[in-house]
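What follows is calculated from the coordinates using simple rules that are stated; it is not laboratory data. The structure displayed is predicted, hence computed values, not measured ones. Note that we place each Cβ from the backbone using ideal geometry, even for glycine, and neighbour counts take in every protein chain shown.
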């Protein structure tokens, strides 16, 4: 049902998918770049339904209640519960995501490294730490509004050289155009 709806959305808007999900890859952190508009979720989610990418995204447990929680869950939202465990301090968001990936047989978690729809000089690095901690690759998911393409870019296995690898990811992000180009990656 969702795949057919996604195809309809792409047909009516003239969007296309580009690239393919790597065969056999069952766990990953996907970064969605560039993130410049609220429309990004619609096109990204539609593309990943069409491509059969089982992408999920995290959200605070407190938001996942009632009808809004059901709707967010249907789109792929999964709640993060950072509660204290056995008297220990609360988990960080990063620790909770690492645990989630380590305890799953299949899980692709999508994050926006800019952390905002506005221009961000520095990316939030939590996605990189999650990938390192769970020993999974970072897959670049992209939206190119100029070409009306949504898809999969390079797959990068974190090696600990975070600044260099994030710059490599940003370099790829500069090749695609966000809905609001002046807010994109520079």
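Sort 75, 5 by Cβ crowding within 10 Å, fewest neighbours at the top.
Sorted ascending by nearby Cβ count, the order is 5, 75.
More than 22 angstrom separation, counting every C-alpha pair in the stretch 1-73; what % is that?
Beyond 22 Å sits 31 percent of the P(r) for the stretch 1-73.
How do 129, 35 rank when sorted from fewest to most other Cβ atoms within 10 Å of their own Cβ?
By the 10 Å Cβ count, ascending, the order reads 129, 35.
Tell me the relative contact order for the chain as a rounded percent, counting alpha carbon contacts under 8 Å between residues six or more apart.
Computed over the chain, the figure is 32 percent.
For the residue pair residue 7 and residue 99, what label-to-label distance in nm results when each label sits 7 Å from Cα along the Cα-to-beta-carbon direction?
Calculated label separation equals 4.1 nm.
What is the Cα coordinate range of the chain on the first, second and third principal axes, sorted by size from largest, in whole angstrom?
Answer, in whole Å and largest first: 53, 41, 34 Å.
For the chain, set up a Gaussian network in which alpha carbons nearer than 10 Å are linked by springs, and say which option among 89, 122, 174 fluctuates the most.
Judging by the Gaussian network model, the answer is 89.
May I ask what percent, to the nearest 5, of DSSP beta bridges between residues of the chain are antiparallel?
So the antiparallel bridges amount to about 25 percent of the total.
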